[in-house]
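> Got a structure for you, questions after.
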Amino acid sequence: MTQPRLDIGEIAAGPPRRRVRIRWAVVAVSLTITIGGLVFWQVQRSNATSVRYVTEPVMRGDITVIVTATGTVEPTTTVEISSELSGTITTVNVDFNDVVVEGEVLAQLDTAQLEATVAHARAARDAAAARVAQARVTLNETREARDRTLQLEERGITTREALLAAVSAHERAVAALEIAEADLAVAEADLRVNETNLAKACICSPINGIVLQRNVDPGQIVAASFAAPVLFTLAEDLRRMELLVDIDEADVGMVEIGDPATFTVEAWRDQAFPAVISELRFAPETVDGVVTYGAVLAIANEQLLLRPGMTAVADITVDEVTDTLRVPNAALRFVPPADESEDTEAGSGLLGMLFRDTPGSGGASQNLSTQPGQRQIWVLRDAEAVQVQIATGATDGLRTQVLGGDIAEGDLVITDMETAP
């Protein structure tokens with residue numbers, strides 16, 4: 001009996017159903033291995049690091065807005081005294097830091113030539129006055145002669161030529177008197193000029209004050225014809241001084257006249273001196289592309305601790321808010337990393353990894369659209385970071401006023417986060 005022959009290839013291949021079952025088994029094993037690997041990687045990743053949020057509680061308190069500016073201390077009134085005349089300085093009566101009164105002689109020029117000029121002008125004035133007196137006598141004489149000639153002419157005793165001569169002589173006498181009086185006026189004016197120059201030889205103080213600078217010594221020659229030299233510099237009253245500061249253009253809109261301020265100087269580092277804004281200038285000053293505006297602060301210097309030229313740093317108080325809700329400025333700057341925020345929204349683990357938010361889909365790492373005065377902060381609630389929108393107000397650089405929003409005193413706002421193994 002003949003046995004049927006079996007094909008080895010057909011035995012290996014088997015029936016079609018069997019081949020399908022083997023193929024699905026391979027796919028199932030591969031998928032199981034892949035999912036297991038992902039789960040293992042996720043678990044290891046979750047166990048590898050832990051996140052700790054750094055928080056601060058929301059508290060109530062005061063906020064003081066301050067504008068800082070630098071400048072120099074200057075006297076309220078400073079007078080530079082020069083000489084209008086040229087000459088030799090004979091005496092100097094004051095020195096540095098001397099207190100002077102109005103009219104006090106500070107220095108004296110040599111007056112020998114000036115006195116001689118005054119004497120000459122006075123003599124010329126006296127001669128002109130004498131000529132005026134002589135012209136008046138002549139005028140009176142010619143007036144009487146004219147009158148007699150008129151009377152004789154009316155009676156027909158004198159000639160017409162004699163009358164004309166008398167009238168002309170009188171008119172010349174009138175003109176001569178006018179000339180003499182004009183010469184007298186000129187002589188008197190010259191005398192006043194020379195007397196004024198003699199008075200200017202005394203270099204006197206125009207104010208009550210103190211001598212800050214003395215730039216002249218006895219025997220020094222002053223040449224005022226080329227340039228008026230500064231001989232003395234006086235300050236009116238060092239008990240009332242000014243602080244001239246430069247305010248940045250970004251801050252000048254917040255500063256107003258009457259704002260209080262305090263300032264310090266290097267000589268008295270531990271002492272804060274009070275001041276108040278007394279003037280704001282409109283003229284800009286540009287240095288290296290930086291635009292500033294000048295402000296004047298009035299200073300009381302009763303103890304004379306402050307001296308002209310001292311460099312000062314002023315803190316100008318432009319706004320004060322009391323008993324308000326405050327958050328640290330670090331909370332306004334904090335934004336969690338994108339992966340942490342996405343895990344918060346979409347969950348962690350395999351599903352969170354497979355179904356992450358796409359960019360722009362509204363994940364927690366995206367800042368909500370804000371309006372002017374609106375900011376976003378993160379608050380720790382039930383051990384989870386929650387994004388909250390608040391309305392902000394004044395800030396002192398460290399803390400910011402909260403005007404509104406879903407936040408209350410005692411809430412923990414997130415300022416930073418730490419990742420540790």
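Computed from the coordinates by the stated procedures, all read-outs in this text should not be read as laboratory data. What you see is a predicted model, and the numbers here were worked out from it, not measured in a lab. Here the Cβ positions follow ideal geometry from the backbone for every residue, glycine too, while neighbour counts run over all protein chains shown.
> What whole-number distance in Å separates the alpha-carbon centres of segment 378-402 and segment 61-108?
Result: 53 Å between the Cα centres.
> For segment 180-261, which trypsin sites (Lys or Arg not before Pro) pass both filters: DSSP loop (anything but H, G, I, E, B) and at most 16 other C-beta atoms within 10 Å? Each step should come with its number before you reach the end.
Working: sites: Arg192, Lys200, Arg214, Arg239, Arg240; in loops: Arg239.
Here the sparse-neighbourhood loop sites are Arg239.
> Measure out, as a whole number of angstrom, how far apart the alpha-carbon centroids of segment 283-300 and segment 189-262 sit.
22
> Let me ask you something else. Under a Cβ-only charge scheme (Lys and Arg +1, Asp and Glu -1), can you give me the dipole magnitude of segment 111-200 about the Cα centre, in debye to the nearest 20?
Working: 12 positive and 15 negative charges, 9 e Å.
Dipole of segment 111-200, to the nearest 20 debye: 40 debye.
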